[in-house]
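Asks: Can you keep this structure in mind? I'll have questions shortly.
None of the figures in this text is laboratory data; all of them are computed from the coordinates on show. For clarity, every value in this text was computed on a predicted model and none was experimentally measured. When we count neighbours, we look across all protein chains shown, and the Cβ atoms used for this are built from the backbone with ideal geometry, even at glycine.
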């Protein structure tokens with residue numbers, strides 16, 4: 001009937017596999033000169049001055065980690081609470097409006113979030129914490145939280161909607177009150193879906209560049225102390241985004257930025273592998 | 001019509017001290033989306049026995065059960081349990097007194113033992129003895145099959161066993177009345193027979209209101225019949241009278257063709 005269907009499917013699958021393999025190969029190849037010169041120990045170095053051949057990556061790794069931790073700490077509880085509210089308490093029309101709102105938020109380009117951060121968030125943080133400027137890890141984390149909130153909320157809403165009506169009725173018939181129904185039936189059953197939303201959001205937060213670049217301050221130094229999230233800092237993505245235009249193609253600086261890209265890819269891969277090994281992505 | 005049933009236990013109850021408080025329904029009406037779902041339903045459940053609620057599809061049988069344990073709240077009329085209006089009781093507490101078993105077994109994704117005590121609060125769970133667990137499982141005719149498997153996931157049980165687990169889970173709450181919404185319709189004949197036998201034993205100490213589409217089953221197990229059609233109670237009688245000498249023409253039609261023209 002459709003002689004081209006099977007070959008097309010095989011071709012698509014093969015192409016996907018090739019792309020998946022090509023990305024790390026490309027990153028390894030382009031960053032190889034850097035690793036050959038500076039070695040793996042540069043990951044733990046703290047100074048990044050490309051013009052003096054200093055390529056310490058630790059501040060950006062710490063920056064990325066902080067931004068993600070802040071974003072997830074804020075977005076996960078807010079998103080789950082919003083999903084519970086929409087599914088369990090709101091009328092159907094209100095829940096539908098909430099979903100629409102979240103879908104609109106999810107569709108906004110990241111540069112717009114960055115501009116909102118510049119316009120609203122930075123002055124707010126500057127005045128609230130009496131800072132020289134609002135550029136900080138906290139700003140980056142908050143903007144990321146805002147960006148990943150719709151993704152986790154929408155997936156949590158879908159997951160809660162999938163909870164078996166029979167089991168909910170069985171719980172009610174056993175005299176479980178609303179809270180017990182939520183914590184003992186709905187959330188445990190919806191958790192795999194919620195978890196998938198969190199993992200996807202984590203991937204987006206890890207790779208987000210533009211919005212973070214506009215608010216993080218791009219200062220290549222370790223936070224002092226390391227828990228100070230009110231200082232300007234740098235993330236791996238904001239560093240690549242800011243400096244890739246200045247680095248000559250094939251130069252050592254270019255290769256170092258590719259090494260940052262490889263680290264990002266490895267962080268993403270580690271999260272996926274961890275989720276896979278622990279069965280978190282099921 | 002619509003007179004209360006005479007209390008005639010299906011089986012002797014001399015050895016069973018507990019006498020269930022009677023459930024009395026008076027002039028129950030329910031409208032959903034402007035449509036009459038139940039109209040002027042009145043009956044009193046006997047203190048023991050299996051009372052089958054029969055009628056064609058869409059007659060309002062399951063809805064009636066949901067009103068009785070307040071899964072539907074918008075009804076009018078009066079439902080009393082031991083002379084107390086059930087609307088004055090806390091809904092969650094009431095649902096423990098009036099257990100409801102659905103058509104499909106709904107086991108929770110945890111072990112058999114955890115499923116069994118799912119309806120108990122934390123303190124009650126701590127105080128639950130193995131004897132109580134054994135009693136509930138024996139009442140549901142499941143003890144011998146799961147005695148050594150209480151830590152296994154409940155999902156590993158067969159459908160029939162899962163339904164009996166649901167029964168045991170309701171029974172451990174010590175309900176006064178059990179509502180059963182076609183509990184055997186999704187089961188194989190052997191599982192159906194086991195549940196019927198265990199429910200017959202249980203009905204010696206409490207009333208079981210059993211929705212059934214299977215008239216042979218209703219005849220086999222019931223002490224009383226309540227026949228409703230199009231949301232109205234058409235006839236209520238003891239099972240023998242209903243099946244041998246139905247008083248209403250609608251009942252005769254239903255017994256002959258399983259449909260009625262109300």
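Asks: Angle check, please: helix B:130-139 long axis (alpha carbons) against the longest principal axis of chain B (alpha carbons), in degrees 0 to 90, nearest 10.
Replies: 40 degrees
Asks: Could you state the principal axis extents of the C-alpha atoms in the stretch B:138-236, from the largest down, to the nearest angstrom?
Replies: Per principal axis, max minus min of the Cα coordinates gives 47, 27, 22 Å.
Asks: Based on the Kirkwood radius over alpha-carbon pairs, what value in µm²/s does the Stokes-Einstein equation return for the translational diffusion coefficient of chain B at 4 °C and 1.567 mPa s?
Replies: Numbers: Rh = 18.8 Å.
Here the translational diffusion coefficient equals 69 µm²/s.
Asks: On to the next question. Partner chain Cβ atoms within 10 Å, averaged over the residues of A:174-186 - can you pull that number for me? All intermediate terms of the calculation are to be shown ahead of the outcome.
Replies: Numbers: counts 15, 17, 6, 6, 1, 0, 4, 1, 0, 0, 3, 4, 0.
Mean partner-chain Cβ count within 10 Å for A:174-186: 4.
Asks: Moving on. Using only Cα atoms, find the angle between the long axis of helix A:187-207 and the longest principal axis of chain A, and express it within 0 to 90 degrees, rounded to the nearest 10.
Replies: Roughly 20 degrees between the two axes.
Asks: Sorted by mean Cβ packing within 10 Å, highest first, what order do the peptides A:79-89, B:252-262, B:177-187, A:114-124 take?
Replies: Working: A:79-89: 19.2, B:252-262: 15.1, B:177-187: 21.8, A:114-124: 16.9.
Ranking, from highest mean packing down: B:177-187, A:79-89, A:114-124, B:252-262.
Asks: For chain B, what does -39500 (n - 2.57) per DSSP helix run (n ≥ 4), summed and divided by total residues, give at 222 nm, in deg cm²/dmol to the nearest 500?
Replies: Working: 11 runs with 89 residues, N = 262.
Helices in chain B give a 222 nm mean residue ellipticity of -9000 deg cm²/dmol.
Asks: Any idea what the relative contact order of chain A is, in percent, if you count C-alpha pairs under 8 Å spaced at least 6 apart? If you can, show how the numbers build up before the last one.
Replies: On the way: 363 pairs, mean separation 76.3, N = 282.
With pairs under 8 Å counted, the relative contact order is 27 percent.
Asks: Rounded to a whole number of µm²/s, how large is the Stokes-Einstein D of the stretch A:168-282 at 20 °C and 1.002 mPa s, given Rh as the Kirkwood radius over C-alpha pairs?
Replies: Numbers: Rh = 17.6 Å.
It diffuses with D of about 122 µm²/s by this estimate.
Asks: Here's something else I'd like to know. With N denoting the number of residues in the protein assembly as shown, provide Rg(C-alpha) divided by 2.2 N^0.38 Å, to two decimal places.
Replies: Values: Rg = 32.6 Å, N = 544, 2.2 N^0.38 = 24.1 Å.
Ratio of Cα Rg to 2.2 N^0.38 Å: 1.35.
Asks: Which whole-number percentage describes the relative contact order of the stretch A:1-127, with Cα contacts under 8 Å and a sequence gap of 6 or more? Each step should come with its number before you reach the end.
Replies: Values: 31 pairs, mean separation 10.8, N = 127.
The normalised contact order for the stretch A:1-127 reaches 8 percent.
Asks: Which three numbers, in whole Å and largest first, are the semi-axes of the equivalent ellipsoid of chain A derived from its Cα gyration tensor as √(5λ)? All intermediate terms of the calculation are to be shown ahead of the outcome.
Replies: Values: eigenvalues 288, 147, 57 Å².
Ellipsoid semi-axes (Å, largest first): 38, 27, 17.
Asks: Now for a different question. Quick check: the angle from helix B:189-202's long axis to the longest principal axis of chain B, C-alpha only, nearest 10 degrees?
Replies: Computed tilt is about 90 degrees.
Asks: What translational diffusion coefficient, to the nearest whole µm²/s, does the stretch A:70-219 have by Stokes-Einstein, given a Kirkwood radius computed over alpha-carbon pairs, a temperature of 20 °C and 1.002 mPa s viscosity? Spell out each step's value before the answer.
Replies: Numbers: Rh = 16.6 Å.
In µm²/s, the coefficient rounds to 129.
Asks: Other chains' Cβ within 10 Å of B:106-119 residues: what's the mean?
Replies: Working: counts 10, 3, 9, 5, 2, 0, 0, 0, 0, 1, 0, 0, 7, 7.
Neighbouring Cβ atoms belonging to other protein chains average 3 per residue here.
Asks: Averaged across B:88-97, how many Cβ atoms of other chains sit within 10 Å of each residue's Cβ atom? Don't skip to the end; give the middle numbers.
Replies: Working: counts 0, 0, 2, 3, 8, 2, 1, 7, 4, 1.
The mean count of partner-chain Cβ atoms within 10 Å per residue comes to 3.
Asks: With no solvent and one point per C-alpha, what does the Debye sum give as log10 I(q)/I(0) for the stretch A:1-128 at q = 0.13, 0.14, 0.22 Å⁻¹?
Replies: For the stretch A:1-128, the Cα-only Debye profile gives -1.01, -1.04, -1.23.
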